[in-house]
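Got a structure here, written out as structure tokens. Questions coming.
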Ligand SMILES: Cc1cc2nc3c(=O)[nH]c(=O)nc-3n(C[C@H](O)[C@H](O)[C@H](O)COP(=O)(O)OP(=O)(O)OC[C@H]3O[C@@H](n4cnc5c(N)ncnc54)[C@H](O)[C@@H]3O)c2cc1C
């Protein structure tokens, strides 16, 4: 009823205070004897696991990577979300009694039908949207052209910025072009700036249409990011050793808004221009990795976007199989993934309680 308050900062204060001052683990219900497999240790999977273990179910998370946290560990940079906070959350879920099996890619090591056959009463799929989208422009396979995922994984997860102390290198030159305009593009740009490069953001729409949060854009520009709006890549050119050295771009123009109010873009004929570039990072979106859909007969998914089809509580087309987070919505936010996890946990508890 009064002045607006900064809810995010208040929540952060509470979480920081609790972490610094210690917490008591919540009480747990009596064991139900029911086993649940959770695929993916990102925000959706961790939330489902924490809620269901408190209700007395036995939970195992199968995580493809060597650490938990999902995008919070491998994508979002340390300067925005310290890894110590993410580790703390993952440890908390383990302290509740959840088993975390790392390096375990479901769809390769075992499939969902196998998990269900081998004693699991229900499965939650929280495998995220980690498959990068590419531009399709010629020359995209040159050395020095990264997807945002690869770039962020190298830098954040594998600590390429500390190479050779850490094993994974990153080849980053003086001039970096980041293609895209969302939060992922901003993270790539801000990491590149910290690695010492001059960074240009290439975005095919205008400043008004930038999908990244205003705070992120302001921070990036304060840190020296240059933006080229209404511009798109056409072709990438390499040197004799196959490394990127320049790119052709084209000026774009906005079209009239469609029925949903969204303005399209079209290329302006004859407006091509060249940029000298040492590194290109493509941050134009991600979709779910199809490995689970391909290895699970009868699991319905969207034919265009690859997202798993769920109802409002996360139930998929298969009995006992639920899904939520980015794998169901497409790339979204941490809080929406956690919300989906909460709703699915409630529905799964009901399912498990009624299951003979
Ligand atoms: C660079 C970047 C910055 C972002 N910044 C923000 C932000 O500031 N605020 C915000 O709210 N959101 C942000 N997001 C979005 C947010 O991180 C995601 O929406 C959220 O992490 C989705 O959670 P999830 O649990 O669905 O999936 P994820 O976090 O992607 O976790 C999925 C997990 O499943 C694992 N996995 C995948 N396939 C398998 C398999 N077959 N078997 C086993 N494990 C598997 C993956 O390794 C991963 O650990 C950002 C995303 C990116 C990429």
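Rule-based calculations on the coordinates, nothing more; no lab input. Please read these numbers as outputs of a predicted model, since none were measured by experiment. Ideal geometry is used to build each Cβ from the backbone, glycine not excepted, and the neighbour counts take in all protein chains shown.
Would you mind checking the radius of gyration and Dmax of region 79-158 based on alpha-carbon positions, in Å?
17.6, 50
Cα atoms only, region 303-356: Rg and Dmax in Å?
11.5, 37
Any chance you could get the radius of gyration and Dmax over the Cα atoms of region 200-285, in Å?
14.6, 48
Right, something else. Rounded to two decimals, what is Rg over Rh for region 200-242 when you use alpha-carbon atoms and the Kirkwood radius?
Values: Rg = 13.5 Å, Rh = 12.0 Å.
We get a ratio of 1.12 for region 200-242.
If I take every Cα pair under 8 Å that is 6 or more residues apart in the chain, average their sequence separation and divide by the length, what percent do I get for the relative contact order? Intermediate results must be reported in sequence, preceding the final value.
Numbers: 730 pairs, mean separation 65.9, N = 356.
Relative CO of the chain lands at 19 percent.
Per residue, what volume in Å³ does the Cα convex hull of region 214-356 take up? Provide the component values of the computation, followed by the final result.
Values: hull volume 28.7 nm³, N = 143.
With only Cα atoms used, region 214-356 gives 201 Å³ per residue.
Now for a different question. Would you mind checking the tilt of helix 43-54 against the longest principal axis of the Cα atoms of the chain, expressed as 0 to 90 degrees and rounded to 10?
The helix 43-54 is inclined about 10 degrees to the chain.
Would you mind estimating how fast region 134-284 diffuses translationally, via Stokes-Einstein at 10 °C and 1.306 mPa s with the Kirkwood radius over Cα pairs, in µm²/s? List each step's numbers first, then the result.
On the way: Rh = 15.8 Å.
The calculation lands on 100 µm²/s.
Now, a different point. Compactness ratio of region 82-215: Cα Rg over 2.2 N^0.38 Å, N = residue count?
Numbers: Rg = 19.0 Å, N = 134, 2.2 N^0.38 = 14.1 Å.
In units of the globular-protein estimate, region 82-215 measures up at 1.34.
Once you keep just the Cα pairs under 8 angstrom separated by 6 or more residues, what percentage relative contact order results for region 1-122? Before the final figure, lay out the partial values.
Working: 152 pairs, mean separation 33.0, N = 122.
Computed over region 1-122, the figure is 27 percent.
Still on this structure, I have one more. Which number do you get for Rg(Cα) / (2.2 N^0.38 Å) in the chain?
Numbers: Rg = 22.1 Å, N = 356, 2.2 N^0.38 = 20.5 Å.
Taking the Cα Rg and dividing by 2.2 N^0.38 Å, one obtains 1.08.
Given a Förster distance of 41 Å, report the FRET efficiency between residue 21 and residue 166 from their Cβ-Cβ distance, rounded to the nearest 0.05. Walk me through the numbers on the way to the answer.
Details: r = 33 Å, r/R0 = 0.81.
About 0.80, to the nearest 0.05.
According to the square roots a ≥ b ≥ c of the eigenvalues of the Cα gyration tensor, what is the shape class of region 1-109, taking rounded for a/c under 1.5, prolate for a/b larger than b/c otherwise, and oblate for the remainder?
Values: a/c = 2.18, a/b = 1.35, b/c = 1.61.
Oblate, because a/c is 1.5 or more while a/b does not exceed b/c.
On the first, second and third principal axes, largest extent first, how far apart are the outermost C-alpha atoms of region 1-57 in Å?
Principal extents (largest minus smallest coordinate, Cα): 49, 25, 24 Å.
Treating the angle as unsigned and between 0 and 90°, give the value, to the nearest 10°, between the Cα long axis of helix 83-95 and the longest Cα principal axis of the chain.
For helix 83-95, the angle is close to 20 degrees.
While we're on this one: Estimate the FRET efficiency between residue 117 and residue 353 by the formula 1/(1 + (r/R0)^6), using the beta-carbon distance for r and 22 Å for R0, to the nearest 0.05. Intermediate values should be presented prior to the final figure.
Details: r = 22 Å, r/R0 = 0.99.
So the FRET efficiency works out to roughly 0.50.
Hey, another quick one. Using the alpha-carbon atoms, what tilt in degrees (0 to 90, nearest 10) does helix 7-21 show relative to the longest principal axis of the chain?
Taking Cα atoms only, the helix is inclined about 60 degrees.
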